[in-house]
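The values are calculated or read from the model by the stated rules, or taken from the named source; none is laboratory data. Note that this is a predicted model, so its numbers are computed, not measured. Keep in mind that these areas ignore ligands, DNA and RNA; they rest on the heavy atoms of the full protein, side chains included. Shrake-Rupley method; radii C 1.70, N 1.55, O 1.52, S 1.80 Å.
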Amino acid sequence: MTKTHKIIYWVTTGFLAFGMLAQGFTQISHAKGYVDMIVHHLGYPSYFLNIIGVWKILGVIAILIPGNKLVKEWAYAGFFFVMSGAVISHLASGDPVKEIVPASVLLIVIVISWYVRPENRKILSAK
């Protein structure tokens, strides 16, 4: 892995970890503005926040700690599913672009972090 790839990996993974932790704790705490302006607007029940919030925090732990390559793959997949679901939910509810951008940016960061991750964090190495 080149130095450039390492930098790209750790910058995107750091941004991803920060974003998912911030969202996870916001969701678990049921921050009033978040619940009213986003969750109920999109038609999701409040308890959905607890489920997704806990899984986001656990996913961050999984991608940051060494080892457990399969768990890392599941964490990346979970992040991809939840953020692509967020983008689709915003699009389906007719939200303006400014509401769709944060989820879209995190979705792109997830893909980049997954793609450039070091060989020792992959299940199979590409040859």
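For region 32-88, compute Rg over Rh where Rg is the Cα radius of gyration and Rh is the Kirkwood radius from the inverse mean 1/r over Cα pairs. Display every interim value, and only then the final one.
Working: Rg = 13.1 Å, Rh = 12.4 Å.
With Rg and the Kirkwood Rh in hand, the quotient comes to 1.06.
Sorted by accessible area (1.4 Å probe), largest first, how do Leu91, Leu58, Leu107 line up? Each step should come with its number before you reach the end.
Values: Leu91 105, Leu58 85, Leu107 35 Å².
The residues order as Leu91, Leu58, Leu107, largest area first.
Can you sort Thr13, Thr4, Thr26 by 1.4 Å-probe accessible area, starting with the largest? Working shown, then result.
On the way: Thr13 0, Thr4 85, Thr26 45 Å².
Result, largest first: Thr4, Thr26, Thr13.
Over 12 Å, how big is the tail of the calculated P(r) for region 87-127, in percent of all Cα pairs?
Details: 529 of 820 pairs.
Cα-Cα pairs in region 87-127 separated by more than 12 Å: 65 percent.
Would you please state the base-10 log of I(q)/I(0) at q = 0.20 1/Å for the chain, with intensities from the Debye formula using one equal scatterer on every alpha carbon?
Per q value, in the given order, log10 I(q)/I(0) is -1.13.
What's the angle, to the nearest 10 degrees (0 to 90), between helix 47-64's Cα axis and the longest principal axis of the chain?
20
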